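Take a look at the structure set out below.
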There are 4 protein chains.
Amino acid sequence: MINSPAPPVRLALIGAGRIGTHHATAIAHDIHSAELVAVVDPRVEAAQKLAAPLGARAEAEASGVLSDPDIDAVVITTPAALHRDLIVEAASAGKHVFTEKPITTELDEAAQCVEAARRAGVVLQVGFNRRFAPGFIAARRAVADGRIGTPQLLRSLTRDPGPFGGEPARIPLWTIFLETLIHDFDTLRWLNPGAEVDTVTAHADALIRPDARDDGFLDTAMVTLRFDNGAFATAEASFSASYGYDVRGEVFGDGGMATAGSGRTSDMEYFGPGGVAYDTSRADTDLLHGAYVGEFKAFVEAIRGGQPDIPTGDDGVKALQIARAAIVSIQQSRTVRLEEVTR
Amino acid sequence: MINSPAPPVRLALIGAGRIGTHHATAIAHDIHSAELVAVVDPRVEAAQKLAAPLGARAEAEASGVLSDPDIDAVVITTPAALHRDLIVEAASAGKHVFTEKPITTELDEAAQCVEAARRAGVVLQVGFNRRFAPGFIAARRAVADGRIGTPQLLRSLTRDPGPFGGEPARIPLWTIFLETLIHDFDTLRWLNPGAEVDTVTAHADALIRPDARDDGFLDTAMVTLRFDNGAFATAEASFSASYGYDVRGEVFGDGGMATAGSGRTSDMEYFGPGGVAYDTSRADTDLLHGAYVGEFKAFVEAIRGGQPDIPTGDDGVKALQIARAAIVSIQQSRTVRLEEVTR
Amino acid sequence: MINSPAPPVRLALIGAGRIGTHHATAIAHDIHSAELVAVVDPRVEAAQKLAAPLGARAEAEASGVLSDPDIDAVVITTPAALHRDLIVEAASAGKHVFTEKPITTELDEAAQCVEAARRAGVVLQVGFNRRFAPGFIAARRAVADGRIGTPQLLRSLTRDPGPFGGEPARIPLWTIFLETLIHDFDTLRWLNPGAEVDTVTAHADALIRPDARDDGFLDTAMVTLRFDNGAFATAEASFSASYGYDVRGEVFGDGGMATAGSGRTSDMEYFGPGGVAYDTSRADTDLLHGAYVGEFKAFVEAIRGGQPDIPTGDDGVKALQIARAAIVSIQQSRTVRLEEVTR
Amino acid sequence: MINSPAPPVRLALIGAGRIGTHHATAIAHDIHSAELVAVVDPRVEAAQKLAAPLGARAEAEASGVLSDPDIDAVVITTPAALHRDLIVEAASAGKHVFTEKPITTELDEAAQCVEAARRAGVVLQVGFNRRFAPGFIAARRAVADGRIGTPQLLRSLTRDPGPFGGEPARIPLWTIFLETLIHDFDTLRWLNPGAEVDTVTAHADALIRPDARDDGFLDTAMVTLRFDNGAFATAEASFSASYGYDVRGEVFGDGGMATAGSGRTSDMEYFGPGGVAYDTSRADTDLLHGAYVGEFKAFVEAIRGGQPDIPTGDDGVKALQIARAAIVSIQQSRTVRLEEVTR
């Protein structure tokens, strides 16, 4: 007699762009406990092209999957402007929700998402993937088991692989805070458990594309946070690192320090006429593929009633609040108290 | 319309021991393109305990799976003494075969396996997992793309995590060569592509359990190889490293050097009162889990007709031949030419 | 015939405290081109105890060495409050001056020092020793040779070895800026050559000794600088790192990034049951002994008319100005423009 | 009153070649406790060119310095063929002797040196500089304090910086054993304190200059040692490493492992479009300058009656004996017992 394992969680992915393509493929290939059933995108050929080789169906609109009783959960990888409506509708339809970060770009909308998930009793997880990268997990564990003591100085940074080829005019204002540093804000909270941010002081500029500065474009930023347990933190971002995708964290306390993130793609070292070298990754989906797989495994586990440590809707709200405070800090050239920034 | 992806390859695993448990679970959880259908073990409760939660059936004998037309391939994780019969029977039944190393312990038996697979036209892959570890892959790539030049000096080592708790009396003679260093012999050949070993000089002793020396037990070994392209290599093994599982490789040539293997389990570094530390792994299935997954993905790809770079039956024979030469070297206290050691 | 090398530069050291003891010994033992002639300290026994084994004479007051025509230069290692008078008097007496950082604690006094040295035509060097540490030198070289491109994001930090055993009541106000971060302010300027700081935003608190907070004691600080070439920088300090003396730098630009400072005291790595570990240094005079030697060699070279790249009196003034701006930033809880802070 | 420190030890250096030039300069510039008085070389212009800027006198023959009562010790940096006569004469003249490795190239001559020094009661130190490199010191300390336990597997290697530009016809036979691996043989003994080598198995070839193979030239070697405490060791050498001077050691025992030697010249890491890189050294006098200074400081200390841990004449003999056994092993293609090789 076969004691059958739990049937796979049936997922639909909404948004067949770059990150949606990665996630759909990762779910289909690397997550045994999940089954990719459908891919939704208004550009239906894109949906079809992604879905077919993965054995999933393509749809142009979300309504089809939201009304499909055989679908357990949705993974939202659309532009952030669409998150609120999709999250609220999916939750209301009883679907568990995994949304890429940021949860939304507006605090009131984020609150609606959290409330909708709470009411429906579904899982709402935000795509803060660093929480699933081995180095960051080990750093968090060093905090949790007391080896760091009380955090006093923290750092988190994100540098996207260069050269920067984006079109500033097509990038929404405040993207560096809402899309990039939102990761670092979550990481800093996660590495300082139990503490919350009190004040935010942000500096930013267009250093990579100074020609776009007058349009309000920002590509480089440095933000200082003060936590209510006294700790200071910096979050740093750049849209263009010549050497690839760079994600690092550091937490220092009265007991010790942990650093995470090396950029290395393997433990091979090459010694040649130019010195010694090791390879760095060119993309988040390269460096953090394993972390992406990890977050989906945790999502499935949460749906099945386990208690994995996932970034929740509340975590999404908190990180967004810090990002919004950073934006006010830039607009008003001053330190902003987090409590000033509410829905 | 859904352009359905290839159906999963249907696998039966034979041998529900420590490594079989790992492999069955990895196949069931991490290999999207394969389906674990059955687990075979004469200790049928062990087979049942492993199979049930993975959704597979349990059998006491291999004959059932070998005659099952719905099974495409077998994964052999039994003691090495049983490999020959199982490989020959499975190949003859038209099943593709993945066997844990060593292919067999005797050269004539190994040749029978290769011949059976050749005749049946099935894939025969040997479990040399380091070929699928990122650092070793990168080192091999550095050789392949010319950055190393002609290899001149190589090194490969295996140290099992200590403390050693084995019972010498129950460990077959020559295990250190046939089961442990066989990995290093394959790695050294793989990092010196196109070259073959000419001579083998082996030294070994019971340093961890000197009390078992008189019974022929060997727990520490150092082997020097000479390749036909002039390169020298050392292979080193110990049954007990206090700091965990240690697997490293090095290839030095006139163009440069590559090293692989750090023992690190993540890129976290902890700075505390005792200095700086990073974690090492305690087991092969910990350090090399990703490599195990990689070898099974390659196995599936090979079955589907792709041309992945896999360790073949021939590679299994070559590594075994080196191991047998090392044994003769120990027995006769002299350098042995590889050609002396034939079936 | 012997073409005699240049005679050694004859030095007197003023201030026989901890760092004076290190410097006197380093000069006597490790600087072939200098001769330690005298040690001055009002605690004449301390001067005697330090001077005698080094073959130097002891004096209670500086006047003796300043009027000694056989003395070429002085090394000032007294408390900072005494720097101005000593520097001005020594320069006026025609002695070259090496002063420990900070040049002075007040900007008008610092200007007087620079002016006195300028008028007398003597060398005035400030003890920013990181400019002579191999890793920092290599980072600066990466900037200078264009590998970094235009600096955009910089970081420098200083963490003193813990546990902190100081007596807050006996530590002058603002020490963390004037004595500790002054190093980082110089490093950041040095790694961003040609640029100067525009604005300073400082945050600080007593996290190690919160009991002393009400007295104005500060033991942890994080400062954000904005440079006139657009670059952002953070400077970070703590009075107590459990793992030893921690000094690191990072400069990131559109061409690449350089990091300096590992805390390692050797390239030995120890692999044991607790993982892998390497040793860190417990003191600046341990980690940076070679840098101290390097700065004295450069001082001698400058005296002899060479053009070494040394931190000058002007560099001392610039770093002090940043420190003073940071203090105003703390006092007024706002970003301060450097130009607001003048003598 | 000045309690004068000990007067400097007065040294004469014999042999103004490459390493002699380094050592004379290091002694003159970096060793406070020694004074370079004379440089001896039959090419008297070379001696003069080296001596003059260092304030020393030049001589064409050693007799002048050996009969000079003001000279305390000699540093011998001539070709090895001249070592025996110089060491014996210097010792007989009551001079302390520092000789570059190897002590001599013949065992009977080495014994004469040791005997001469013993009779005269002078210090006889051999230039095994790795004993003074920080990483190797730390590794030895890990052995000495028990963290390694009983050594079981050791490794030491030397790879000279390439490209190899030597003229094989002008390089004495067996140079790779007598001049290069002699370092590794000493290191392996030093990292396995109290144990001595039992057997030696050597392999070597001309891989860099195969055209010179027929003349007996050897540029690449791999040697296996067996110690009387059971430990196995490999010593490895190459005359040409594309990435610079490579010196590493490893000692593994039942308690743990220590590795030493990274080739890094600083802790700077550069992250650029080609990945991450750090600098390696191009020469022994670059990588190991500090170790050279250390060995001369120890020499002075030994002369003054201290008990520093220096490589003695006996250590020179032991390393030479291993080298001679390796040569016999090559000549006779067999494992050689050390006891077979005596004067």
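Just one of (1) under 19 Å from D:Ile31 (Cα atoms); (2) modelled with pLDDT under 95 fails for C:Ile2. It is (1). The residues in region A:321-333 that are in contact with a Ser or Thr (Cβ under 9 Å, 6 or more places away or on another chain) and without any contact (Cβ under 8 Å) to a residue 24 or more places away in the chain can be counted, and the count is 1.
Note on region C:176-210: residues that are within 13 Å of chain A (Cβ to nearest Cβ) and more than 22 Å from A:Ala235 (Cβ to Cβ) amount to 6. Does C:Tyr243 satisfy being touching a Gly at 6+ places or on another chain (Cβ under 8 Å), crowded, with 20+ Cβ neighbours inside 10 Å, among the aromatic types (Phe, Trp, Tyr) and within 11 Å of chain D (Cβ to nearest Cβ)? For C:Tyr243, the condition - touching a Gly at 6+ places or on another chain (Cβ under 8 Å), crowded, with 20+ Cβ neighbours inside 10 Å, among the aromatic types (Phe, Trp, Tyr) and within 11 Å of chain D (Cβ to nearest Cβ) - is not met. Only one entry of C:Gly20, C:Gly94 meets the criterion of being closer than 21 Å to C:Leu178 by Cβ and modelled with pLDDT of 95 or more, and that entry is C:Gly20. Only one of the numbered conditions (1) over 19 Å from D:Gly135 (Cα atoms); (2) within 12 Å of chain D (Cβ to nearest Cβ) is violated by C:Gly306, and that is (2). Of everything listed in (1) over 17 Å from D:Leu181 (Cβ atoms); (2) in a loop (DSSP other than H, G, I, E, B); (3) of a type outside the set (Gly, Ala, Ser), the single unmet condition for D:Thr105 is (1). Every condition in (1) without any contact (Cβ under 8 Å) to a residue 40 or more places away in the chain; (2) touching a Phe, Trp or Tyr at 6+ places or on another chain (Cβ under 9 Å); (3) farther than 30 Å from B:Asp108 by Cβ; (4) of a type outside the set (Ser, Thr, Tyr) is met by B:Gly306 except one, and the failing one is (2). Among the residues of region C:237-276, just one is in a loop (DSSP other than H, G, I, E, B) and of a type in the set (A, V, I, L, M), namely C:Met268.
Of the conditions (1) within 14 Å of chain B (Cβ to nearest Cβ); (2) without any contact (Cβ under 8 Å) to a residue 12 or more places away in the chain, A:Glu115 fails just one. Which one is it? The one condition A:Glu115 does not meet is (1). Consider region B:251-260 and keep the residues that are buried (at least 23 other Cβ atoms within 10 Å of the Cβ) and within 21 Å of the chain's Cα centre (by Cα). The one that is farthest from the other protein chains (Cβ to nearest Cβ) is B:Val251.
State whether the residues of region B:114-131 include one that is among the aliphatic types (A, V, I, L, M) and touching a His at 6+ places or on another chain (Cβ under 6 Å). Looking for residues that are among the aliphatic types (A, V, I, L, M) and touching a His at 6+ places or on another chain (Cβ under 6 Å), one finds at least one in region B:114-131, hence yes.
Summed over region B:139-192, residues that are outside any helix (DSSP H, G or I), over 27 Å from B:Arg282 (Cα atoms) and of a type outside the set (Gly, Ala, Ser) total 8. If the condition is being more than 12 Å from B:Asp72 (Cα to Cα) and not in a helix (DSSP H, G or I), then region B:6-37 contributes B:Ala6, B:Ile14, B:Gly15, B:Ala16, B:Gly17, B:Ile31, B:His32, B:Ser33.
Just wondering, is there one or more residues in region C:323-334 that are farther than 23 Å from C:Trp190 by Cβ and not in a helix (DSSP H, G or I)? Yes: one or more hits.
Among the β-branched types (Val, Ile, Thr), surrounded by fewer than 21 Cβ atoms within 10 Å (Cβ to Cβ) and within 14 Å of chain B (Cβ to nearest Cβ): which single residue out of A:Val300, A:Val293, A:Val276 fits that description?
Of A:Val300, A:Val293, A:Val276, the one residue that is among the β-branched types (Val, Ile, Thr), surrounded by fewer than 21 Cβ atoms within 10 Å (Cβ to Cβ) and within 14 Å of chain B (Cβ to nearest Cβ) is A:Val293.
Checking each residue in region C:310-325 for being surrounded by fewer than 24 Cβ atoms within 10 Å (Cβ to Cβ) and among the β-branched types (Val, Ile, Thr) picks out C:Ile310, C:Thr312, C:Val317. Considering region C:143-164, the residues that are surrounded by fewer than 24 Cβ atoms within 10 Å (Cβ to Cβ) and among the small types (Gly, Ala, Ser) include one that is nearest to A:Arg159 (Cα to Cα), namely C:Gly149. Of all the criteria given as (1) at pLDDT 95 or above; (2) surrounded by fewer than 18 Cβ atoms within 10 Å (Cβ to Cβ); (3) more than 17 Å from the chain's Cα centre (by Cα), the one not satisfied by A:Ala139 is (2).
Going by what's in this entry, would C:Val44 be described as touching a strand residue (DSSP E or B) at 6+ places or on another chain (Cβ under 9 Å), more than 26 Å from C:Leu178 (Cβ to Cβ) and of a type in the set (A, V, I, L, M, F, W, C)? Working first, answer last.
Values: touching a strand residue (DSSP E or B) at 6+ places or on another chain (Cβ under 9 Å): yes; more than 26 Å from C:Leu178 (Cβ to Cβ): yes; of a type in the set (A, V, I, L, M, F, W, C): yes.
It is true that C:Val44 is touching a strand residue (DSSP E or B) at 6+ places or on another chain (Cβ under 9 Å), more than 26 Å from C:Leu178 (Cβ to Cβ) and of a type in the set (A, V, I, L, M, F, W, C).
Is it the case, given these coordinates, that D:Gln48 is in contact (Cβ under 8 Å) with a residue 24 or more places away in the chain, surrounded by fewer than 24 Cβ atoms within 10 Å (Cβ to Cβ) and either in contact with an Asp or Glu (Cβ under 8 Å, 6 or more places away or on another chain) or not in a strand (DSSP E or B) (or both)? No. For residues that are facing chain B (nearest Cβ under 10 Å) and more than 23 Å from the chain's Cα centre (by Cα), tally how many sit in region A:23-48. Within region A:23-48, residues that are facing chain B (nearest Cβ under 10 Å) and more than 23 Å from the chain's Cα centre (by Cα) number 1.
When A:Ile87, A:Ile71 are screened for being within 22 Å of A:Ile31 (Cβ to Cβ), buried (at least 24 other Cβ atoms within 10 Å of the Cβ) and of a type in the set (A, V, I, L, M), only A:Ile87 passes.
The values are calculated or read from the model by the stated rules, or taken from the named source; none is laboratory data. Keep in mind that this is a model prediction, so the values were computed, not measured. Ideal geometry is used to build each Cβ from the backbone, glycine not excepted, and the neighbour counts take in all protein chains shown.
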